[in-house]
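The values are calculated or read from the model by the stated rules, or taken from the named source; none is laboratory data. Keep in mind that this is a model prediction, so the values were computed, not measured. Neighbour counts are summed over all protein chains in view; Cβ atoms, including those assigned to glycine, are modelled from backbone coordinates with ideal geometry. When the accessible area is computed, the model is the full protein with side chains, heavy atoms only, and any ligands, DNA or RNA have been set aside. Shrake-Rupley method; radii C 1.70, N 1.55, O 1.52, S 1.80 Å.
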Amino acid sequence: MVRAFKMKGQKRKKKRDEKYDREEEEEEKEEVEEEELNDSGKRAKLEKTSQNDNKKGEEDGQEEKDVVVHEMEGIPIAPSDQNTKRPGVIFVLEKASLEVAKVGKSYQILNSDDHSNFLRRNNKNPADYRPDIVHQALLSILDSRLTKAGRLQAVYVRTDKGVLFEVKPHVRLPRTYKRFAGIMLQLLQKLSITAVGKREKLLRVIKNPVTQYLPVNSRKIGFSYSSEKLVKMRNYVASISDDDNLVFVVGAMAHGKIDCDYTDDLIAISGYPLSAARCIARICEALEDKWNLL
């Protein structure tokens, strides 16, 4: 006698359910075993790490003892001039032409080449808008042997609108003017420029006056072609003591002279008008000769 299809189907379903139940139990059992193995493995790894740390600490202690024992007389481990205070120099660039204006639909740093029509429409002299001067001056400072040797302490720039910002000595400025103008625009809008991948501020806007950031025993020297005191730069810096911190104030504008009340001396280093970059180059060369930086 043939069984009904309904009864046959029910039995098959029951067998399948039992099969699935067994598989689920086996999977749960395997997961529990894996968790136990992982826990035991982690504990073993932690114990091994702690043992290695203790062993490493003992080895480091032993190495320190060995260094003390094997240190040769007359040969120091650290360089002898590591903590020696070396004389340095600070540059202040005054009246830099860095003015932001909305030209068309975007904000830009005004310059005489690209915005001459805009400046004339606003009754301004295009010859006064020369941001390339401060760009060349900064490159002349940062590319000098003084900076490479670590003698540059700080660089401060004050715009013709009175905005003061600091440039770190180890910053790498763009070589092209267009990229430099983009960074200056970002600086004046966001008030700081940070390093790539770090939180260090390489350029930042700071509060006036600049004298609060200068050392107490510093000698502040201004430069002007109209000064009656014409000196040879090498002889001038050679007569200055190494105990004095030197601060050089240079104008970063196309025309005119700096008008600073905090300078101790105002000198001229040439009988001819020099650009800011050339003036800075002569200052750096004189100091490099004084400190024997090759």
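Could you count how many residues in the range 263-273 are open to solvent by less than 70 Å² (accessible area, probe 1.4 Å) and either hydroxyl-bearing (Ser, Thr, Tyr) or not in a strand (DSSP E or B) (or both)?
Residues flagged as open to solvent by less than 70 Å² (accessible area, probe 1.4 Å) and either hydroxyl-bearing (Ser, Thr, Tyr) or not in a strand (DSSP E or B) (or both) within the range 263-273 amount to 4.
If you check Val216 against the conditions, is it assigned to a strand (DSSP E or B) and open to solvent by 30 Å² or more (accessible area, probe 1.4 Å)? Explain how you work it out, then say what you get.
Values: assigned to a strand (DSSP E or B): no; open to solvent by 30 Å² or more (accessible area, probe 1.4 Å): yes.
Judged against the criteria, Val216 is not a match.
If Ile280 meets every condition in (1) in contact with a Leu (Cβ under 8 Å, 6 or more places away or on another chain); (2) closer than 13 Å to Ile141 by Cβ; (3) open to solvent by less than 20 Å² (accessible area, probe 1.4 Å) apart from one, which number is that one?
(1)
Applying the selection to the range 219-239, what residues are touching a Lys or Arg at 6+ places or on another chain (Cβ under 6 Å) and either part of a strand (DSSP E or B) or surrounded by 14 or more Cβ atoms within 10 Å (Cβ to Cβ) (or both)?
Ser224, Met233, Val237
When you scan the range 247-262, do you find a residue that is out of contact with any helix residue (DSSP H, G or I) (no Cβ under 8 Å at 6 or more places or on another chain), open to solvent by 70 Å² or more (accessible area, probe 1.4 Å) and under 24 Å from Arg151 (Cα atoms), even just one?
Checked the range 247-262: no residue is out of contact with any helix residue (DSSP H, G or I) (no Cβ under 8 Å at 6 or more places or on another chain), open to solvent by 70 Å² or more (accessible area, probe 1.4 Å) and under 24 Å from Arg151 (Cα atoms).
Within the range 111-124, is there a residue that is open to solvent by 30 Å² or more (accessible area, probe 1.4 Å) and in contact (Cβ under 8 Å) with a residue 60 or more places away in the chain?
no
Evaluate the range 238-249: report whether one residue or more is more than 22 Å from Leu214 (Cα to Cα) and small (Gly, Ala, Ser).
Quick first cut of the range 238-249, residues more than 22 Å from Leu214 (Cα to Cα) only: none.
Within the range 238-249, none of the residues are more than 22 Å from Leu214 (Cα to Cα) and small (Gly, Ala, Ser).
In the range 175-208, what residues are out of contact with any strand residue (DSSP E or B) (no Cβ under 8 Å at 6 or more places or on another chain) and surrounded by 14 or more Cβ atoms within 10 Å (Cβ to Cβ)? Steps first, answer last, please.
First pass over the range 175-208, keeping only residues out of contact with any strand residue (DSSP E or B) (no Cβ under 8 Å at 6 or more places or on another chain): 175-180, 182, 190, 196-199.
Within the range 175-208, Tyr177, Phe180, Gly182 qualify.
Here is a list of conditions, (1) within 15 Å of the chain's Cα centre (by Cα); (2) open to solvent by less than 30 Å² (accessible area, probe 1.4 Å); (3) modelled with pLDDT under 95, and Glu166 meets all of them except one; can you say which number that is?
Single failed check for Glu166: (3).
Is it the case that some residue within the range 134-144 is more than 22 Å from Val89 (Cβ to Cβ), open to solvent by less than 30 Å² (accessible area, probe 1.4 Å) and of a type outside the set (Phe, Trp, Tyr)? Can you show your working first?
If we filter the range 134-144 for residues that are more than 22 Å from Val89 (Cβ to Cβ), which is where we start, we get none.
Looking through the range 134-144, none of the residues is more than 22 Å from Val89 (Cβ to Cβ), open to solvent by less than 30 Å² (accessible area, probe 1.4 Å) and of a type outside the set (Phe, Trp, Tyr).
How about the range 235-257: which of its residues are within 15 Å of Cys279 (Cα to Cα) and without any contact (Cβ under 8 Å) to a residue 40 or more places away in the chain?
Lys257
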